[in-house]
1. Could you tell me whether segment 10-138 comes out rounded, prolate or oblate from its Cα gyration tensor? Rule is a ≥ b ≥ c as square roots of the eigenvalues, rounded for a/c under 1.5, then prolate if a/b exceeds b/c, otherwise oblate.
2. Out of Asp33, Asp111, Asp122, any idea which swings most in a Gaussian network model of the chain, alpha carbons joined below 10 Å?
3. Any idea what the relative contact order of segment 10-138 is, in percent, if you count C-alpha pairs under 8 Å spaced at least 6 apart?
4. Over the C-alpha atoms of segment 20-66, what are the Rg and the largest Cα-to-Cα span, Dmax, in Å?
5. I need Arg35, Arg76 ordered by Cβ neighbour count within 10 Å, fewest first.
6. From the phi angles alone, apply the Karplus equation (6.51, -1.76, 1.60; θ = phi - 60°) to segment 48-55 and give each ³J(HN,Hα) in whole Hz, x where the residue is Gly or Pro.
7. Points 7 angstrom from Cα along the Cβ direction at Ser34 and Thr53: gap in nanometres?
8. Name the residues of segment 13-37 whose amide N is less than 18 Å from a point 7 angstrom out from the Cα of Leu142 along the C-beta direction?
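Only the coordinates and a few stated rules stand behind these numbers; no lab work does. Everything numeric in this text was worked out from a predicted model, so none of it was measured. FYI the Cβ positions are ideal-geometry reconstructions off the backbone, even for glycines, and counts take in every protein chain you see.
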Amino acid sequence: MPVGPTFRDPWGSIFGTLKNLRAAWPTRGWSWDSRLSCVSSSFNVELRPKARTAAAAALPTEWTPSTIQRAPHPIREIAQRTGELRTGQFILVSQMEGPAFAYGLWWPWGDDITTSIRIGLDGVDVSSDAFQRFRDVFGVEL
């Protein structure tokens with residue numbers, strides 16, 4: 001019996017790790033940032049270690065202002081389109097699943113109390129279906 005090509009959903013494993021991130025996240029508040037097409041959560045300084053641990057499990061690669069020029073082109077483009085990285089900010093990136101990946105923008109506020117993370121999707125095929133599944137993972141609506 002002939003076997004045809006199999007379809008592999010590159011987003012499946014990415015969404016699996018993002019579900020784990022959400023389950024381990026120290027706060028429950030996620031919202032949709034329509035400006036950047038990302039989910040967003042803010043947290044206080046005392047939650048930073050737990051937030052970093054949860055984020056690092058799903059988004060293990062880190063790019064800082066001093067290393068971003070060595071990042072792959074798609075990561076440098078994210079930095080450019082989101083306003084470049086400033087001191088204390090970094091981009092966290094998931095494992096690549098073919099051309100698909102998730103990223104996190106770690107942005108401390110200027111008050112030394114609050115930090116935000118914005119998590120988005122990138123790659124060659126980020127369809128509206130992928131974005132809907134992504135929003136479902138975090139329980140957010142447009």
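1. In terms of gyration-tensor shape, oblate.
2. Among Asp33, Asp111, Asp122, the largest GNM mean-square fluctuation belongs to Asp111.
3. 30 percent
4. Answer for segment 20-66, Rg first and Dmax second: 11.6, 32 Å.
5. Fewest-to-most Cβ neighbours within 10 Å comes out as Arg35, Arg76.
6. Values, residue by residue: 4, x, 5, 5, 4, 5, 5, 5 Hz.
7. 3.7 nm
8. 31-37
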